[in-house]
Amino acid sequence: MAKAEILNEPQCAECARHGIVTTENLQRDHVNGFNDEHGFWFGERQTLCRWHNMQKAQKLGGKITSEKRKT
């Protein structure tokens, strides 16, 4: 689903707010986070470049990692 969403929104939303076009290293971001599976799949999302996605995560006290969570 993320690839299709990026094709529909092919630039970083935050960069675009500043008049910059960024079309590389794009990721999907949950605008308001999510607390459950329904929020994960159906919550509002936006495209962000990796840098802005990391900045948002750090601002919210989290981090981005490619490692899967161990349960």
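The values are calculated or read from the model by the stated rules, or taken from the named source; none is laboratory data. Worth saying up front: this structure is predicted, and the values here are computed from it rather than measured. Ideal geometry is used to build each Cβ from the backbone, glycine not excepted, and the neighbour counts take in all protein chains shown.
Taking the stated definitions as given, is ILE20 aliphatic (A, V, I, L, M) and farther than 20 Å from LYS59 by Cβ? Spelling it out, it is not the case that ILE20 is aliphatic (A, V, I, L, M) and farther than 20 Å from LYS59 by Cβ. Scanning region 16-41 for residues that are in a helix (DSSP H, G or I) and at pLDDT below 90, we see that the one that is nearest to LYS3 (Cα to Cα) is TRP41. Scanning region 42-71 for residues that are among the basic types (Lys, Arg), at pLDDT below 90 and part of a helix (DSSP H, G or I) turns up just one, LYS59.
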